[in-house]
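The values are calculated or read from the model by the stated rules, or taken from the named source; none is laboratory data. All figures in this text were calculated on a predicted structure; none of them were measured in a lab. Heads up, the Cβs are rebuilt from the backbone with ideal geometry, glycines too, and the neighbour counts pull from every protein chain shown.
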Amino acid sequence: MKQYDYLIVGSGLFGSVFAYKAAQQGKKCLVIDKRSHLGGNIFCEEVEGINVHKYGAHIFHTSNKQVWDFVNSIVEFNRYTNSPIANYKGKLYNLPFNMNTFYQMWGVATPSDAMKIIKRQKNEAVTLLNGKEPQNLEEQALLLVGRDIYERLIKGYTEKQWGRKCTELPAFIIKRLPVRLIFDNNYFNDKYQGIPIGGYNKLIKGLLTGVKTMVNTNFFEERACWERIADKIVFTGKIDEYYNYCFGKLEYRTVRFEEEVHDCSNYQGNAVVNYTEAEVPYTRIIEHKHFEMFGTEIDKCSKTVVSKEYSTEWQPGMEPYYPVNDEKNSTLYIQYKKLADEEDNVIFGGRLAEYKYYDMHNIVEKVLKYF
Ligand code: FAD
């Protein structure tokens, strides 16, 4: 008899939802995490009474009612709606591209006037291509939205994100660039969105209530011992590390955050402001209080915390954020996946073990489906 039914490596959303559902079925779980806190990348730290998203801004959104009902059964979510602003050389534009953006850009007030300009600029791109397929991201974006939107809102931001010129990036990165001919700044098309009232730590706490957890505990440091402790392992760490990098290291892209506390109640008037010109070194500034404080609540808290986000080339040892789904890494992952598929007692789940970018709702949906 083993001590636990499941050893869950990683207390992020995957591990925590898994533990919750398994415990509901009467299974005995132990959750370990190498970090000093639970919650993985959705962990928040309280600074000046504000929940700061330590691993990047997280906004929950889904169209799946079952997923929405599930997370709300653990903690109620607020009505936060993501409506980012773009700052290009000091001029502000609403995102995603919609009638507000077109009014700010060209002074047009009707969908037909906006469409006329977009169509004209798209035709200019077709003429430039002269029958060729778009060869790079710049040509593709010009074809999809025309020069003004591309140059002011896409070019600089994308070049900072990827650390390369748009003319050196492949066209397939941008498949679609939707333009909305309505005055609607809601970034997501999903039916439901919000932030847990009281922050994401409440969600994790609710999921892990009654489950044994250990932080500062790295699976690989006592691997043999952890492998004996439970009938099954749920592994949410890096799949290449699980197999001791036997085929080589998978690569990631990462983000560096610079946090600042300001002596004012409202720094930028919005949770998310994108800086779309190449000359500003950061891609976004996040003002965390706007995720959870609305109306008069904003001024009740006299300080504010912002994070500047710098897209950074990933080196081994850095926080792995986004998988690089190019041919080299995809081939490498398939080799590891073959090994994983042969395991009887290990479940690989989540963004690191599956080497795939998942939004939070995808993760919850996957675990709910599993059970
Ligand atoms: P993680 O949260 O990374 O959890 C994995 C855990 O495993 C970590 O705590 C880690 O410490 C632990 N671990 C790893 N190796 C070991 C080991 N050897 N021993 C012990 N523990 C180990 N999604 C949205 O829906 N909306 C958003 O706005 C959004 N914004 C994002 C912004 C950024 C910058 C990033 C990177 C992601 C964002 N996401 C967003 C995606 C979201 O973060 C993921 O869907 C979610 O965190 C995945 O959960 P996970 O459990 O798979 O991984």
Since CYS246 meets every condition but one in (1) within 22 Å of the chain's Cα centre (by Cα); (2) surrounded by fewer than 17 Cβ atoms within 10 Å (Cβ to Cβ), which condition does it not meet? (1)
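Out of the helices (runs of 4 or more DSSP H) lying entirely within region 288-371, which hold 2 or more residues that are within 16 Å of the ligand (Cβ to nearest atom) and over 27 Å from ASN51 (Cα atoms)?
327-341, 360-370
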Looking at this structure, is VAL9 near the ligand (Cβ under 6 Å from one of its atoms), aliphatic (A, V, I, L, M) and in contact with a helix residue (DSSP H, G or I) (Cβ under 6 Å, 6 or more places away or on another chain)? yes
Filter region 214-250 for residues that are more than 11 Å from the ligand (Cβ to nearest atom) and of a type in the set (Ser, Thr, Tyr) and give the result. TYR243, TYR245
Among the residues of region 39-50, count how many are within 11 Å of the ligand (Cβ to nearest atom) and either modelled with pLDDT under 95 or not polar (S, T, N, Q) (or both). 4
Test PHE77 against the stated conditions and say whether it is farther than 21 Å from ARG351 by Cβ, within 14 Å of the ligand (Cβ to nearest atom) and out of contact with any helix residue (DSSP H, G or I) (no Cβ under 6 Å at 6 or more places or on another chain). yes
Within region 12-33, how many residues are near the ligand (Cβ under 7 Å from one of its atoms) and either aliphatic (A, V, I, L, M) or not in a helix (DSSP H, G or I) (or both)? 4
Spot the failing condition for ARG176; the list is (1) buried (at least 19 other Cβ atoms within 10 Å of the Cβ); (2) among the basic types (Lys, Arg); (3) farther than 17 Å from ARG120 by Cβ, and only one is missed. (1)
Among the numbered criteria (1) touching a residue at least 60 places away in the same chain (Cβ under 8 Å); (2) more than 16 Å from ASN216 (Cβ to Cβ); (3) more than 6 Å from the ligand (Cβ to nearest atom), which one does SER36 miss? (2)
Please give the number of the condition MET360 fails out of (1) farther than 15 Å from ASP240 by Cβ; (2) hydrophobic (A, V, I, L, M, F, W, C); (3) surrounded by fewer than 14 Cβ atoms within 10 Å (Cβ to Cβ). (3)
So how many residues does region 85-133 have that are crowded, with 19+ Cβ neighbours inside 10 Å and assigned to a loop (DSSP other than H, G, I, E, B)? 4
Does any residue of region 93-102 turn out to be out of contact with any Lys or Arg (no Cβ under 8 Å at 6 or more places or on another chain), more than 19 Å from MET293 (Cα to Cα) and aliphatic (A, V, I, L, M)? yes
Among the acidic types (Asp, Glu), more than 29 Å from THR81 (Cβ to Cβ) and at pLDDT 95 or above: which single residue out of GLU342, GLU309 fits that description? GLU342
Verdict on GLU139 being modelled with pLDDT of 95 or more, in contact with a helix residue (DSSP H, G or I) (Cβ under 8 Å, 6 or more places away or on another chain), charged (D, E, K, R) and surrounded by 14 or more Cβ atoms within 10 Å (Cβ to Cβ): yes
Restricting attention to region 1-11, which residues are among the aliphatic types (A, V, I, L, M) and part of a loop (DSSP other than H, G, I, E, B)? MET1
Restricting to region 32-72, what's the tally of residues that are in contact with a Ser or Thr (Cβ under 7 Å, 6 or more places away or on another chain) and within 17 Å of ASP359 (Cβ to Cβ)? 3
So how many residues does region 283-321 have that are surrounded by 15 or more Cβ atoms within 10 Å (Cβ to Cβ), over 30 Å from GLU241 (Cβ atoms) and among the hydroxyl-bearing types (Ser, Thr, Tyr)? 1
